[in-house]
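The values are calculated or read from the model by the stated rules, or taken from the named source; none is laboratory data. Every value quoted in this text rests on a predicted model; they were computed, and no experiment measured them. Every residue, glycine as well, gets a Cβ built from its backbone with ideal geometry; the counts of neighbours run over all protein chains shown. When the accessible area is computed, the model is the full protein with side chains, heavy atoms only, and any ligands, DNA or RNA have been set aside. Shrake-Rupley method; radii C 1.70, N 1.55, O 1.52, S 1.80 Å.
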Amino acid sequence: MSEQRPSPDKLLQRAQKEEREGQHGKLKIYLGAAPGVGKTFAMLQDALTKRSQGLDVVIGTAESHGRAEIARLVKELEILPKQTLDYRGQKLVEFDLDAALKRNPGLILMDEMAHTNAPGLRHTKRWQDIKELLDRGIDVYTTLNVQHIESLNNVVSQIIHTPIKETVPDSMLEMANTIELVDLPPEDLLKRLQEGKVYFPQQAELAAEHFFRKGNLIALRELALRVTAERVGAEVLLYRQGQGIKHVWPTREKILVCVGASNESLKLIRAGRRLATKLQAEWIVVHVDTPRLQISDESQNRSIQNLRLAKQLGAETHILTGFDKVKEVTTYAREQNITLIVVGKRIRPKWHDMLFGSMADELVRRSGEIDVHIVTADIVSAKPSTVSPPIKRNIPWQTYWIALSIVMLATGIDFFLAPILRPSNLIMVYLLGITIVALFGRIGPSILASILSVLAYDFFFVQPIYELGSKDIPTAFTLGVMLLVSYLISHLTILTKRQAEAAHLAEKRTATLNLLSRQLASTRGVDKLLVTSVTCIGQVFDSEVIALLPENNTLVARAGYPSDHQLSAKEQGVAQWVYDLGQVAGIGTDTLPFSDALYLPLRASQETIGVLRIHPFTHPLRLLTPEQMHLLEGCANQTALAIEVDRIQEQVKTSEFQTEIDRARNALLQSVSHDLRTPLVAVMGAASTLIEMSDALDAQKIKKLGSEIYIELEQLSRLLNNMLQITYLEAEEVKLLKEYQSLLDVIHLSLKIGSEKLKNKPVHIQLAPDISLIPFDQTLLQAVFTNLIDNAIKFTPPESPIDISAVIKQDHVVVSIADQGPGIMPDEVNRLFEKFYRGRMLTTERGLGLGLAICRSVIKAHGGEIWAENRPGGGAVFRFTLPLRPSE
């Protein structure tokens, strides 16, 4: 039952989750400890129930493994057709994802979530198929064994002494709307194995010797139960938070340990660790940071060290903020569904607890249904050890003089106002002065101003004047209240100012981190990434930051804020140790804790790629809180990942460039070897015939053989010319010999050169009458017409015509060469002008695929554009533009 209004943040999270669920399909996972526990059977039974309720249910894949009861259930449901793949001479049958998306059922059954798909399919793993189905809004039922969960991979391998190759990421389990545990005792499972209800007899015998041992099954069953229990526990916590339920539901043990800066907190942490181990429970260690007016750096450091010890022992640590420690602890405990609170208590006189209170007693009173475990502190405790030498404090004498001056000014103002105001009203001027002093944020000057204000008011304005002390009880009461109010005003003003500063600092850090994320995402280059990162970290933590990266087996400063000065030999040694071992060192750590800086490794996904050195400008001996440390490590990790991504992108670009070079080289060699060999073979054959049969051949035969030799040599000459021409056009700046010439003359010359290939193919030429002489390089433009006409001949029937036309548009001539062939395939439009691309429809004609690439280079050199498109009535048309006037 809900006791209070639900948390708005939790309601928003819940609404966002429901919105995501509405856009995506729902996933239900049938989880088991091992094969044969009945996951597939339970999934099929639930699917039949859903179908009886009117839901469209189909089977994507379901394996019976010879089990009659499963085969019977499978026959009652629609089965999607599978696809067959050829892999190394074998026929593999796999799930057809595209067919399932086209069918678009309400629910699809996908057995064996961890299955690896055959090579050649869209996804490598079946869980990726399931994710795409969910993204398309299709509900999925699937089965999974606990040994296939990625986070449990090492644990399971140690249990069964066999590596697990097929795994499913934990994110898929987090995506699941429901996880149903299908459980079976090990004895019953072994019996089913012997009866042949798990595997075929040959497989069952092998499995019983290795995987299906009773010890293995017990351990895997425990893991499956724990996974399910953790999932249910998270759902319980989410429901309680969303509904605003404050009562603790003790579904499982969860321990909260309250620590402070005292040395007794170490005993509390160890006691909490022992309890958590004994109860097999989660445990959390919290420290309540109250906004007190004064707190020593030594006390702050001890609190942080206590939290770090708890983290090393496996606890989750948090810092709570508030005035009422007991309220903050109990509120947090109910939010986290804590069942046991561990708190310490010192043995003090009874009067001390009555006057100042006891946190342990107050927790017992206000804990409600939560149990409280009290650990008594040692009567004689060792003196707390300091983690750092004491910091020499500078007394703010300037603020004290300002406080004295403000009191004197307030007194002067009251002398001026005394004739027109009553003495009780003059108190307001002093209170205003005390508030102004409190704005400086120092408690000492504020207390001094409060005391001096009361004494000045009593001495100068309370009868009898110029005397301290008063025999009038009402006046004395007024002075006492004035002292108390002035102290409270200064106290609360300082607290408010410090809280505002803390909120401003948190806002600044959040904004800077957001800025860091955006800048890293939009920055390229290692040096720029490092400069962006160290600048952000330095501004957030008010520190000097240096980024070091390895060069020639030595760490070198690559960026720094505010400057990247060189490190001393000692600092270089610390940084090298951090880089080699990938561990944090320096101030506030267990390694070289007396160093004046903190050294953080820049850990990428594969290795440590560098080191960050952080030296605080202010309070160099004050340790970072766990939250600040998490924040700093997050910045370092984000920087390392950004650098790694940048390097990977550079490697990918280099690899793609090298691949393209290799592809072009292979294509060139393949084309050259084929296209040079073909005419050479033809020439050699014709020449051999002439030599061997010259006496038996008549003149007509000799002429025909000579003609064949000429044609093949012409083809060879043209291939070599294209290779030389494309090399010339791309290797150096093209020098055009432009002259004003007739476009029609170039067209006729190109047709004459290609007349042998044209034969009887009709060619229609239509030029606009207003086209006169235009500037171009005749030799290069002739090559363009020759290649485009040759291209039209290759792709069109012998009797189909070629249409050549030209019109003037603005300051350009647009030339079109159209045919009535099959046209251009849509995916080839942007590839036609690539080098060595010959088109998929060309299978018999020889050529290197350089003609259109030459055309593009020539036209661009003339300052024009060239493109290809399909004609509305069928066929293809190539168009290019030439400027009417030469470019300056």
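The figures follow:
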{"item": "Qualifying residue in segment 758-770 (condition: closer than 15 Å to ALA818 by Cα, at pLDDT below 85 and of a type outside the set (Lys, Arg))", "result": "yes"}
{"item": "Members of segment 777-830 that are part of a helix (DSSP H, G or I), open to solvent by less than 20 Å² (accessible area, probe 1.4 Å) and not hydrophobic (A, V, I, L, M, F, W, C)", "result": "ASN787, ASP790, GLU828"}
{"item": "Verdict on GLU205 being modelled with pLDDT of 80 or more and of a type in the set (D, E, K, R)", "result": "no"}
{"item": "In segment 744-757, the residues that are modelled with pLDDT of 85 or more, open to solvent by 80 Å² or more (accessible area, probe 1.4 Å) and either in contact with a helix residue (DSSP H, G or I) (Cβ under 8 Å, 6 or more places away or on another chain) or of a type in the set (Asp, Glu) (or both)", "result": "ASP745"}
{"item": "Residue in segment 228-246 that is over 30 Å from LEU439 (Cα atoms), touching a helix residue (DSSP H, G or I) at 6+ places or on another chain (Cβ under 7 Å) and at pLDDT 80 or above present", "result": "no"}
{"item": "Candidate set: segment 864-876, residues that are surrounded by 14 or more Cβ atoms within 10 Å (Cβ to Cβ) and more than 45 Å from the chain's Cα centre (by Cα); chosen: the one nearest to GLN820 (Cα to Cα)", "result": "GLY875"}
{"item": "Single condition ASP98 does not satisfy, out of (1) open to solvent by 40 Å² or more (accessible area, probe 1.4 Å); (2) assigned to a helix (DSSP H, G or I); (3) in contact with a helix residue (DSSP H, G or I) (Cβ under 7 Å, 6 or more places away or on another chain)", "result": "(3)"}
{"item": "Members of segment 139-194 that are of a type in the set (Ser, Thr, Tyr), open to solvent by 20 Å² or more (accessible area, probe 1.4 Å), under 30 Å from ALA100 (Cα atoms) and not in a helix (DSSP H, G or I)", "result": "TYR141, THR167, THR178"}
{"item": "Residue within segment 31-38 that is in a helix (DSSP H, G or I) and β-branched (Val, Ile, Thr) present", "result": "no"}
{"item": "Test: ALA261 is modelled with pLDDT of 75 or more, closer than 26 Å to THR321 by Cβ, more than 35 Å from the chain's Cα centre (by Cα) and hydrophobic (A, V, I, L, M, F, W, C)", "result": "yes"}
{"item": "Candidate set from segment 55-87 (those that are in contact with a Lys or Arg (Cβ under 7 Å, 6 or more places away or on another chain) and assigned to a strand (DSSP E or B)); member that is most open to solvent (accessible area, probe 1.4 Å)", "result": "THR84"}
{"item": "Which numbered condition VAL584 misses (of (1) under 20 Å from GLN539 (Cα atoms); (2) at pLDDT 80 or above)", "result": "(1)"}
{"item": "Scope segment 102-131; condition charged (D, E, K, R) and modelled with pLDDT of 85 or more; matching residues", "result": "LYS102, ARG103, ASP111, GLU112, LYS125, ARG126, ASP129, LYS131"}
{"item": "Residues (of a type in the set (Ser, Thr, Tyr) and modelled with pLDDT under 75) located in segment 428-477", "result": "TYR466, SER470, THR475"}
{"item": "Identity of the residue in segment 725-743, in a helix (DSSP H, G or I) and either under 18 Å from PHE785 (Cα atoms) or among the charged types (D, E, K, R) (or both), that ends up modelled with the highest pLDDT", "result": "LEU743"}
{"item": "Any pair with Cβ under 8 angstrom, 6 or more apart, that starts in segment 296-324 at a residue that is more than 30 Å from HIS491 (Cα to Cα) and ends at one that is of a type in the set (Gly, Ala, Ser) and modelled with pLDDT of 80 or more", "result": "ALA310/GLY272; GLY314/ALA276; ALA315/GLY272; ALA315/ALA276; THR317/ALA310"}
{"item": "From the options LEU602, LEU592, residue that is open to solvent by less than 60 Å² (accessible area, probe 1.4 Å) and either out of contact with any Phe, Trp or Tyr (no Cβ under 8 Å at 6 or more places or on another chain) or within 25 Å of GLN305 (Cα to Cα) (or both)", "result": "LEU602"}
